[in-house]
Amino acid sequence: MSDLDHAEWVQRRPDPANRRRTLVSLLPPRRAHVEEFVARRAEPLLAAMSTLSAEQRAGFQAGLQAWAHKIRNWRSEPMTSR
């Protein structure tokens with residue numbers, strides 16, 4: 001059990017599709033706290049994005065999508081030397 005469990009922020013349960021995994025979910029009473037935290041952290045990014053042209057925003061979006069793809073697949077891709 002973790003600190004988040006003890007503080008009643010999350011609950012854990014076995015994944016019915018894969019017994020080796022544990023599903024962790026945010027408890028409903030804590031959702032507003034997390035949503036406020038995320039909104040506050042997003043303010044500077046949203047302000048910066050509003051100063052970019054449509055072309056610059058599209059480039060930023062493309063970069064984020066490429067990064068997200070790499071994150072999702074990094075363990076399944078072979079290691080390359082640098």
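The values are calculated or read from the model by the stated rules, or taken from the named source; none is laboratory data. On a predicted model such as this, the values are computed, not experimentally measured, just so you know. As a convention, Cβ positions derive from the backbone with ideal geometry for all residues, glycine included, and neighbour counts pool all protein chains shown. What goes into the accessible areas is simple: the full protein's heavy atoms, side chains included, and nothing from ligands, DNA or RNA. Shrake-Rupley method; radii C 1.70, N 1.55, O 1.52, S 1.80 Å.
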- Item | Candidates 2, 53, 76 - the one that is more than 17 Å from the chain's Cα centre (by Cα), of a type in the set (Ser, Thr, Tyr), open to solvent by less than 100 Å² (accessible area, probe 1.4 Å) and at pLDDT 95 or above | 53
- Query: If you check every pair at least six apart or on different chains, which have Cβ atoms under 7 Å apart with a residue in the stretch 59-79 that is within 26 Å of residue 49 (Cβ to Cβ) first and a residue that is in a helix (DSSP H, G or I) and modelled with pLDDT of 95 or more second?
  - Reply: none
- Query: Does any residue of the stretch 7-28 turn out to be among the aromatic types (Phe, Trp, Tyr), surrounded by 10 or more Cβ atoms within 10 Å (Cβ to Cβ), in contact with a strand residue (DSSP E or B) (Cβ under 8 Å, 6 or more places away or on another chain) and on the phi < 0 side of the Ramachandran plot?
  - Reply: yes
- So which residues in the stretch 19-39 are closer than 18 Å to residue 2 by Cβ and aliphatic (A, V, I, L, M), if there are any at all? 23, 24, 26, 27, 34
- Query: What number goes with the only condition from (1) open to solvent by 70 Å² or more (accessible area, probe 1.4 Å); (2) assigned to a helix (DSSP H, G or I); (3) at pLDDT below 95 that residue 32 does not pass?
  - Reply: (1)
- Counted residues in the stretch 35-46 being closer than 19 Å to residue 57 by Cα and open to solvent by less than 100 Å² (accessible area, probe 1.4 Å) come to 3
- Taking the stretch 5-29 as the search range and keeping residues that are charged (D, E, K, R) and in a strand (DSSP E or B), which one is modelled with the lowest pLDDT? 19
